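Heads up: the structure comes next, in structure tokens.
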Amino acid sequence: MRQDKLVGAVLAGTLMTILSACSDTNATPQEDVVNLPRVLVVTVETENLRLERSFPGNTQGSMVAEVRSRVEGLLESRNFDEGQYVEQGQPMFSIEKAPYEVELQRARSDLSSAEATYSSAQRDWQRVENLFSDGAISGRERDQAQSAYELAQAELEAEQATVRDAELRYNYTDINAPVDGVAGRERVSVGNLISEGEILATITRLDPLYVTFSVAENDIAARYLLSNTAVDGSRDSNPTARLVLQDGTTHPMEGYIDYVSRVISSATGTIEARAVIPNPDMDLLPGQFVRVQLPRIEIANAIAVPQRAVVQSGRRSVVYIVDGNDSIQVREVTLGVRVGSRMLIQEGLAAGDRVVVEGLSLLRTGARVRAEEVDSE
């Protein structure tokens, strides 16, 4: 009897062990899923984006002209107010005229003498030519008279040129504004002896105003500017531009982009561009730091992911994606510009990819994860 009870107990224990083992075997897959690392993912979708791009720029006068003396002499007067608007042709400085007036009178006197010599030689030549036709003089005498006539004619032309030069130099004693604009301060005070070509002042044209700015070569705005401006002038209109001032206000006058460089700076990796902004009230001044606001740039079938999904790996930008087997893969991407809290992806992702946005710290390539979908930001 005792032996039967012992056999029964052993059989019962064995059965419990078998059932327990079967139960553990059946629970393993569910427990494995629960124990996998949890990550949050967004599913990539294409969309049509309208990007607003603005760039820091610096204002400049649309024309800057140096007012220079064209003759030397004593500076007698300044005929404008510094910092005020001047019109093209308006007198600005005056140089002592007396030396150039004497020079002009001398040149005119020499011209009168040359004219008299020329008239005499011309009359002699006419007489000699008639005498030669009658056979009254030799060919040698005729040639001499002709040479004297031609020499007198050349001397007359030289004196005429001398008079024109003297008149120019006399007129250069009045120095006029080469362009219209705002005059700067004088560089040389009245009473000083100035040399030919010396800078006396500077004039800056403020309407319109130029704004130069730079755009990174891989920026979507660079491609927009290059494709919307032509090097052969074949386009009827250029992209518009507005200015945002440092206080955040927008300049009321809309301008346009008139220049986009076709050369990328090797030092900065940027291209230079320029906006022309109307400035009739001259409230914008050269040297201001502003932002150039371009029109909204439309991008069809764009892909953008949250910034936190992008990881910098050396010089590369990568994202972690979850494949169809719920395994982690690393994908190198080419970044575009920032769009709010997201980054535009130019290359590397396709619609339907699941990109990890949270739980990146412990991931390794090939590891299985438990992916939970969240809405794209």
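What follows is calculated from the coordinates using simple rules that are stated; it is not laboratory data. Please read these numbers as outputs of a predicted model, since none were measured by experiment. Using ideal geometry, Cβ is built from the backbone for each residue, glycine included, and neighbour counts are taken over all protein chains shown.
Structure summary
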quantity	calculated
Residue match in the range 343-356 (condition: among the acidic types (Asp, Glu) and assigned to a strand (DSSP E or B))	yes
Selection count, the range 153-211, where residues are more than 30 Å from Gly287 (Cα to Cα), among the hydrophobic types (A, V, I, L, M, F, W, C) and exposed (fewer than 15 other Cβ atoms within 10 Å of the Cβ)	5
Any hit, the range 206-223, residues being within 43 Å of the chain's Cα centre (by Cα), without any contact (Cβ under 8 Å) to a residue 60 or more places away in the chain and assigned to a helix (DSSP H, G or I)	yes
Test: residue in the range 127-146 that is aliphatic (A, V, I, L, M), free of Cβ contacts under 8 Å to residues at least 24 places away in the same chain and within 30 Å of Tyr170 (Cα to Cα)	no
Criterion (exposed (fewer than 11 other Cβ atoms within 10 Å of the Cβ) and among the charged types (D, E, K, R)) met by exactly one of Arg223, Arg242, Arg262	Arg262
Residues of the range 302-335 that turn out to be in contact with a helix residue (DSSP H, G or I) (Cβ under 6 Å, 6 or more places away or on another chain) and loosely packed, with under 15 Cβ neighbours inside 10 Å, as a count	0
Any chance Arg308 is within 28 Å of Ile257 (Cα to Cα) and either touching a Gly at 6+ places or on another chain (Cβ under 9 Å) or not hydroxyl-bearing (Ser, Thr, Tyr) (or both)	no
Residue satisfying condition, being exposed (fewer than 15 other Cβ atoms within 10 Å of the Cβ) and in a strand (DSSP E or B), within set Arg274, Arg291, Arg338, Arg364	Arg338
So Ile321, is it over 20 Å from Arg53 (Cβ atoms), in contact with a strand residue (DSSP E or B) (Cβ under 7 Å, 6 or more places away or on another chain) and assigned to a strand (DSSP E or B)	yes
Candidates Glu372, Glu347, filtered to the one that is under 26 Å from Leu51 (Cα atoms) and among the acidic types (Asp, Glu)	Glu347
Residue among Gly255, Gly269 that alone is in contact (Cβ under 8 Å) with a residue 12 or more places away in the chain, under 18 Å from the mean Cα position of the chain (by Cα) and closer than 17 Å to Ser62 by Cβ	Gly255
